[in-house]
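Step one of this worksheet: look at the structure below.
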2 protein chains.
Amino acid sequence: MITPHGVVQTPAFMPVGTRGAVKAVAHRDLEDLGAEIILGNTYHLYLKPGDSLIARCGGLHKFISWNRPILTDSGGYQVFSLAAMRRIDDEGATFRSHIDGSLHLLTPERAVDIQAQLGSDIAMVLDECVATVPTGDQELAAVRTAMERSARWAQRARGRQLQLREEPHSAPEVIVTNIGQAQFGIIQGGIDLQLRTESVQRTIEIGFESYAIGGLSVGEPVDVMYDVVAHTAPLLPDDRPRYLMGTGMPDDLIECVARGIDLFDCVLPTRNARNGQLLTSHGPMAIKNARYAEDMSPPDPDCSCYTCRHFSRAYLRHLFVVGEMTAATLNSLHNIHFYLDTMRRIREAIVFGSFEKLRREFHQTFSRRPQI
Amino acid sequence: MITPHGVVQTPAFMPVGTRGAVKAVAHRDLEDLGAEIILGNTYHLYLKPGDSLIARCGGLHKFISWNRPILTDSGGYQVFSLAAMRRIDDEGATFRSHIDGSLHLLTPERAVDIQAQLGSDIAMVLDECVATVPTGDQELAAVRTAMERSARWAQRARGRQLQLREEPHSAPEVIVTNIGQAQFGIIQGGIDLQLRTESVQRTIEIGFESYAIGGLSVGEPVDVMYDVVAHTAPLLPDDRPRYLMGTGMPDDLIECVARGIDLFDCVLPTRNARNGQLLTSHGPMAIKNARYAEDMSPPDPDCSCYTCRHFSRAYLRHLFVVGEMTAATLNSLHNIHFYLDTMRRIREAIVFGSFEKLRREFHQTFSRRPQI
């Protein structure tokens, strides 16, 4: 995947740098880990320090001094999950900031403008994500309504994006800090395959640089998620990266690549690291467990990351138990390494035609059950 | 200074690694910054994870995977400043843990044993530090009492240290994890020069591998501190490193080297970093200040640290304001670099005979007043 800030080898995993920083990890460590792209959250950056301030500083890359590609979401997901209040209508999402209660209106056009000011390499359209798994006709209708609204919003977002590209002088209030920014459309439709098909048709008809699958990993069973991906991904153009938003566990990466996904993001490796959960080739490991108190072996003997090469379970447990910040850093380094290394192995296996072998071996070793 | 874990170039500054980690900074970053020795706090390590656990894991170096020298304090200072309750008598210090209220007795012998189990390269004797500046005869008497008790405790501590060295089998309950551990005596006596002289005589008479000046930087005016150092340091053997405990601001380093000090430790660079204060060649800088919101220049244009080479005041302010952990890391990297770099420049100036020139230039640039 070629972007204004360089090439990203796919399939790729994007560590989440919510507020312009991947939590507890310095940029140089991310670079050493081989992160070729990170994700920034528009909702957070819009509220603090503000997209206009970032634009005046030259855009997000310059502001945070990260010279590799950045993808930004639209802010919609955080409005739904974090804001103190939200009201959705056709115009957009009215919400109150979770920080100071201030009132904001996020429209499809505004989400484009904010991301234009941030200057990410890939901007996402504003969509309405129904974060529940429908169980009855009424809920299914809500999913259809949201999908249809998302399609109308996508149309407006594309119009605004093309306006900023083609007639930048018509929007003097927006500082476009990355003229090569791509825009991805988002497929909605919940777990209903027919709605997904319809969403794909409507979104492709609008026409974006590429497409993402949204509205998954919101509580549905993992097999259902896999089925929706297996249905939807092949409907998307095969000459562009297909992005599965907000997923997932390490085995999800392999299973969704098998179903046609090229791009992932998830807070799981970093958030779980801060909560003391290491994700290893054998499965999740709760480092605070008393059984590790004097265990001088590395978290994952098969791992080549800085943490596993230098530190013992006993030390990492101690750091976590006493609340040292370094616990978050060392655990995050490991988890991000594990995710990026898994993607590296997937890419290599694809090149060498051994993906199915890797997939089999991965599942033989990895279990979602906590390690004994 | 030669230790079992390598040579330390003096004068040297020791970053404080309270609980087996310098807060917010990974070991490899400390090594890259040129930290040749760190300090560990016996009080904290004794309470969690416990010196016996660390001994069973092979000692502190192995437990925390830091292969360079470590100095440990005796735990006394934290008993005085942190414990939930403390009572001092000739036997030792009885105190309650600030973590769980449990009752402990720290004697001069116990402080030796704990540090023997930690296996630091330099162990400090337990002393009684009167953390007030005496203003009347009664308070001066208290300083004398504490100095005399410290001398008696030093005698007992030395006896125990030599016993562990020469007859290790006589103390089977202690796992000595570093047979080459040195022991430093501590000079007390507050700001009374006569008491300081007496303390030096009594401590040297006992005989330690080297000596530290304790009981300063506890609230006395900086000139008084300098005078006590100027009086005391020359009384100590000049073929061994003289250690000034718990000091200080960057200009203190230069002024105390000028008065004969070779070894420093202080939480100031790391603690202030976490509170958003950067120490630069021009003086302290409160990074949260609104004037830095869009300031794209580095914190200290004269600094070559990772933070200053890559990040702007605007970004560092943003990270601090939103509470990203990375703020603590990047600020700490800078402050530790500034301290270690100052020591490097001091050592170089001494070698080239230009120390007085460096001292003059440092004061011309550096001001303790916050930078505008």
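The values are calculated or read from the model by the stated rules, or taken from the named source; none is laboratory data. These numbers were taken from a predicted model, which means no experiment stands behind them. A quick note on method: Cβ atoms are made from the backbone with ideal geometry, for glycine too, and the neighbour counts reach across all protein chains shown. Heavy atoms of the whole protein, side chains included, go into the accessibility calculation; ligands, DNA and RNA do not. Shrake-Rupley method; radii C 1.70, N 1.55, O 1.52, S 1.80 Å.
Suppose we keep just the alpha-carbon trace of the range A:250-289; what are its Rg and Dmax in angstrom?
Taking only Cα atoms of the range A:250-289, I get Rg and Dmax of 12.0, 38 Å.
Using only the alpha carbons of the range B:191-240, determine the length spanned along each of the three principal axes and report them from longest to shortest in whole angstroms.
31, 19, 16
Within 10 Å of each Cβ in A:91-104, how many Cβ atoms from other chains are there, averaged over the peptide?
Numbers: counts 0, 0, 0, 0, 0, 0, 0, 0, 1, 0, 0, 0, 0, 0.
What the average comes to for A:91-104 is 0.
Relative to the first principal axis of the alpha-carbon coordinates of chain A, what is the inclination of helix A:313-322, with its axis defined by its Cα atoms, in degrees from 0 to 90 and to the nearest 10?
Computed tilt is about 60 degrees.
Starting at the first residue of the range B:49-60, write each ³J(HN,Hα) from the Karplus equation 6.51 cos²θ - 1.76 cosθ + 1.60 with θ = phi - 60°, in whole Hz, x for Gly and Pro.
Once rounded to whole Hz, the list reads x, x, 5, 5, 4, 4, 4, 5, 7, x, x, 5.
If we restrict to alpha carbons, what Rg and Dmax does the range A:209-322 come to, in Å?
Rg then Dmax for the range A:209-322, in Å: 17.5, 53.
Taking Cα atoms, how many degrees apart are the long axis of helix A:325-351 and the longest axis of chain A, rounded to 10 and kept between 0 and 90?
80
Looking only at Cα atoms, what is the convex hull volume of chain B per residue, in Å³? Intermediate values should be presented prior to the final figure.
Values: hull volume 51.8 nm³, N = 372.
Once divided by residue count, the hull of chain B is 139 Å³.
Antiparallel DSSP bridges in chain B: what percent, to the nearest 5?
Values: 14 of 35 bridges.
Of the beta bridges lying entirely in chain B, close to 40 percent run antiparallel.
How many angstrom lie between the C-alpha centres of the range A:72-119 and the range A:162-177?
20
Calculate how steeply helix A:137-166 sits against the longest principal axis of the alpha-carbon atoms of chain A, using the helix alpha-carbon long axis, and give the answer as 0 to 90 degrees to the nearest 10.
The angle comes out near 70 degrees.
Using a label point 7 angstrom from Cα along Cα-to-C-beta, what distances in nm, from shortest up, separate residue A:344 from the other copies?
Nearest to farthest, the other copies are at 2.9 nm.
Can you give the relative contact order of chain B as a percent, counting alpha carbon pairs under 8 Å and 6+ residues apart? Can you show the working numbers first?
Working: 704 pairs, mean separation 56.5, N = 372.
Here the relative contact order equals 15 percent.
Normalise the Debye intensity by I(0) for the range A:80-162, one equal point scatterer per Cα, no solvent, then take log10 at q = 0.12 Å⁻¹ and round to two decimals.
Calculated log10 I(q)/I(0) at the listed q: -0.40.
Order these peptides, B:69-77, A:163-171, by their mean beta-carbon neighbour count within 10 angstrom, highest first.
Ranking, from highest mean packing down: B:69-77, A:163-171.
Assign unit charges at the C-beta atoms only (+1 for Lys and Arg, -1 for Asp and Glu), then state the dipole size of the range B:183-257 relative to its Cα centre in Debye, rounded to the nearest 20. Working shown, then result.
Working: 4 positive and 12 negative charges, 51 e Å.
Here the size comes out at about 240 debye.
Picking from A:129, A:298, A:59, whose Cα lies most toward the positive end of the charge dipole for chain A (charges on Cβ: Lys, Arg +1; Asp, Glu -1)?
About the Cα centre, the residue reaching furthest to the positive side is A:298.
How big is Rg to Rh over the range B:276-319, alpha-carbon atoms, Rh as the Kirkwood inverse-mean-distance radius?
On the way: Rg = 9.3 Å, Rh = 10.2 Å.
So for the range B:276-319, dividing Rg by the Kirkwood Rh gives 0.91.
Could you work out the relative contact order of the range A:223-334? I mean the mean sequence separation of Cα pairs under 8 Å and 6+ apart, divided by the number of residues, in percent.
21
Which distances, shortest first and in nm, link residue B:219 to the matching position in the other copies, using label points set 7 Å out along Cα to C-beta?
Taking the point 7 Å beyond Cα along Cα→Cβ, the inter-copy spacings are 5.7 nm.
Is the C-alpha gyration tensor of the range A:133-252 telling us rounded, prolate or oblate? Criteria: a/c under 1.5 is rounded; beyond that, a/b larger than b/c is prolate, otherwise oblate. If you can, show how the numbers build up before the last one.
Working: a/c = 2.31, a/b = 1.75, b/c = 1.32.
Here the range A:133-252 falls in the prolate category.
May I ask for the accessible area buried between chains A and B, both sides summed, probe 1.4 Å, to the nearest 100 Å²? Let's see the in-between values first.
Details: alone 16080 and 16070 Å², together 28590 Å².
Summed over both sides, the interface buries about 3600 Å².
Which residues' amide hydrogens lie under 5 Å from the amide hydrogen of residue B:106, considering only partners 5 or more residues apart or on another chain, with H built in the peptide plane?
B:93, B:94, B:95
For chain A, what is the charge dipole size about the Cα centre, in debye to the nearest 20, if Lys and Arg each add +1 at the Cβ and Asp and Glu each add -1 at the Cβ?
Numbers: 38 positive and 44 negative charges, 177 e Å.
Once rounded to the nearest 20, the dipole reads 840 debye.
Can you pull the one-decimal nm distance between simple spin-label points at residue A:163 and residue A:354, each 7 Å off the Cα toward Cβ?
5.3
Ranked highest first by average number of other Cβ atoms within 10 Å, how do A:116-128, B:345-357 line up?
Numbers: A:116-128: 27.3, B:345-357: 13.8.
By packing density, highest mean first, the sequence is A:116-128, B:345-357.
Do you know which residues of the range A:282-308 lose at least 40 square angstrom of accessible area in the protein assembly compared with their chain on its own, with a 1.4 angstrom probe?
A:294, A:296, A:306
Rg (Å, one decimal) plus Dmax (Å, integer) for the alpha carbons of the range A:192-275?
For the range A:192-275, the Cα-based Rg and Dmax read 13.1, 43 Å.
Hey, quick one: spin label on residue B:363, modelled 7 Å out along Cα-Cβ, who in the range B:260-278 has an amide N within reach, i.e. under 12 Å?
Correct set: none at all.
Among B:245, B:171, B:312, whose Cα projects farthest towards the positive end of the dipole of the range B:170-316, with charges put on the beta-carbon of Lys, Arg (+1) and Asp, Glu (-1)?
The one lying farthest along the dipole's positive direction is B:312.
What does the accessible area per residue of chain B come to in Å², with a 1.4 Å probe and no ligands, DNA or RNA counted?
Numbers: 14290 Å² over 372 residues.
Heavy-atom SASA per residue in chain B reads 38 Å².
Search the structure for amide H atoms under 5 Å from the amide H of residue B:283, placed 1.01 Å from N in the peptide plane, and list their residues when 5 or more places away or on another chain.
Answer set, sorted by chain and number: B:367.
Beyond 16 Å, what share of the Cα-Cα pairs of the range A:135-195 is found? Please give it as a whole percent. Numbers along the way, then the final one.
On the way: 1020 of 1830 pairs.
Roughly 56 percent, rounded to a whole number.
Which order do peptides B:242-248, A:238-244 fall in by mean Cβ count within 10 Å, highest first? Spell out each step's value before the answer.
Working: B:242-248: 24.0, A:238-244: 19.0.
Most protected by this proxy first, the peptides run B:242-248, A:238-244.
Measure off, as a whole percent, the carbon and sulfur share of the 1.4 Å-probe accessible area of the protein assembly as shown, all protein chains present. Please list the in-between numbers first.
Working: 14300 of 28590 Å².
Carbon and sulfur together cover 50 percent of it.
For the range A:91-203, with only Lys/Arg (+1) and Asp/Glu (-1) charged at the beta-carbon, what is the dipole magnitude about the Cα centre, in debye rounded to 20?
120
Taking only the Cα atoms of the protein assembly as shown, how large is their convex hull per residue, in Å³? Could you put the intermediate results ahead of the total?
Details: hull volume 133.1 nm³, N = 744.
That works out to 179 Å³ per residue.
What's the average, rounded to a whole number, of partner chain beta-carbon atoms within 10 Å of each residue's beta-carbon in A:316-329?
Values: counts 0, 1, 12, 5, 0, 3, 10, 1, 8, 10, 13, 1, 2, 8.
Average neighbour count from other chains, rounded to a whole number: 5.
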